[in-house]
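Notes for the one structure printed next.
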Ligand code: 1GP
């Protein structure tokens, strides 16, 4: 499958909102994966993201194969480092952590990933990844050893997102961090979506249906839900 990005662009142009469920392989218990799959198939999810900041890649292929066999949605890697690449997925968010100044997450990991990616058919989607301060330290901050951007400095965040667009990123991902105390401010989502012409992904700390709707209304094209679904498998039930 190599149409993931094309379909995201199409959804944006038609104002169809997208919902990604983030599966952290570290937290998946193989014995109960079919309960998870059933709930995903009953939800309005449009994409599956697989990844986590500290995951070491163990069992990744096995989990993705099971998800692919049973769910008819694009499976996109959302890796914390190159060990989290699996050729079984459909695509990969090729992330550049633009809020930080750690060369490992700006270019080193990306270079290391090339030899692995060249052996796969994954659709590689360049993504400007911007971490926003969310109340307390998150795993992304800890693992990447970078500081998030000030949640009150909306203009600087919008400028960073626009720089990513000029550099050539295909997606912008505003991230509060998994399990974040506070999600990305709606005012920031709104301003960034106005400044860029790229599809905008927003995730981290979004834990109610109302919050998902508000984030869409503010201008997100795709919302990512991880922890809320992890904590409550019935989260997407009506
Ligand atoms: C994390 O944006 C995702 O990278 C999802 O965050 O786990 O808080 O939903 P949550």
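The values are calculated or read from the model by the stated rules, or taken from the named source; none is laboratory data. It should be emphasised that the depicted structure is a prediction, and the values quoted were computed from it without experimental measurement. Counting neighbours? That spans all protein chains shown, and the Cβs are built from the backbone with ideal geometry, glycine included.
All conditions in (1) in contact with a strand residue (DSSP E or B) (Cβ under 7 Å, 6 or more places away or on another chain); (2) assigned to a helix (DSSP H, G or I); (3) surrounded by fewer than 19 Cβ atoms within 10 Å (Cβ to Cβ) hold for residue 142, with the sole exception of (1). Checked against (1) free of Cβ contacts under 8 Å to residues at least 60 places away in the same chain; (2) more than 13 Å from the ligand (Cβ to nearest atom); (3) surrounded by 14 or more Cβ atoms within 10 Å (Cβ to Cβ), residue 123 passes all but a single condition, namely (1).
For the condition in a loop (DSSP other than H, G, I, E, B) and within 15 Å of the ligand (Cβ to nearest atom), residue 99 qualifies.
Residue-level check: of (1) within 27 Å of residue 101 (Cβ to Cβ); (2) more than 10 Å from the ligand (Cβ to nearest atom); (3) touching a helix residue (DSSP H, G or I) at 6+ places or on another chain (Cβ under 7 Å), residue 152 misses just (3). Given the structure, is residue 116 touching a helix residue (DSSP H, G or I) at 6+ places or on another chain (Cβ under 7 Å), at pLDDT 95 or above and away from the ligand (no atom under 16 Å from the Cβ)? Spelling it out, residue 116 is indeed touching a helix residue (DSSP H, G or I) at 6+ places or on another chain (Cβ under 7 Å), at pLDDT 95 or above and away from the ligand (no atom under 16 Å from the Cβ).
Checked against (1) closer than 30 Å to residue 232 by Cβ; (2) within 16 Å of the ligand (Cβ to nearest atom), residue 146 passes all but condition (1). Of the residues 208, 193, 197, the single one that is free of Cβ contacts under 8 Å to residues at least 40 places away in the same chain and farther than 19 Å from residue 15 by Cβ is 208. Here residue 8 meets each of (1) surrounded by fewer than 21 Cβ atoms within 10 Å (Cβ to Cβ); (2) out of contact with any helix residue (DSSP H, G or I) (no Cβ under 7 Å at 6 or more places or on another chain) with one exception, condition (1). Taking helices (runs of 4 or more DSSP H) as the structural unit, those lying wholly within segment 181-238 and holding at least 1 residues that are under 20 Å from residue 130 (Cβ atoms), in contact with a helix residue (DSSP H, G or I) (Cβ under 6 Å, 6 or more places away or on another chain) and away from the ligand (no atom under 11 Å from the Cβ) correspond to 186-195, 209-218.
Of all residues in segment 44-87, those that are within 16 Å of the ligand (Cβ to nearest atom), surrounded by 16 or more Cβ atoms within 10 Å (Cβ to Cβ) and more than 24 Å from residue 143 (Cβ to Cβ) total 2. Can you name the condition, by its number, that residue 5 falls short on among (1) at pLDDT below 95; (2) farther than 21 Å from residue 237 by Cα; (3) more than 16 Å from the ligand (Cβ to nearest atom)? Exception for residue 5: condition (1). When residues in segment 17-39 are screened for being exposed (fewer than 13 other Cβ atoms within 10 Å of the Cβ) and without any contact (Cβ under 8 Å) to a residue 40 or more places away in the chain, 5 of them pass.
Of the residues examined, residue 164 is one that is more than 13 Å from the ligand (Cβ to nearest atom), in contact (Cβ under 8 Å) with a residue 40 or more places away in the chain and buried (at least 21 other Cβ atoms within 10 Å of the Cβ). When residue 169 is tested against (1) more than 16 Å from the ligand (Cβ to nearest atom); (2) surrounded by fewer than 20 Cβ atoms within 10 Å (Cβ to Cβ), exactly one condition is not met: (2).
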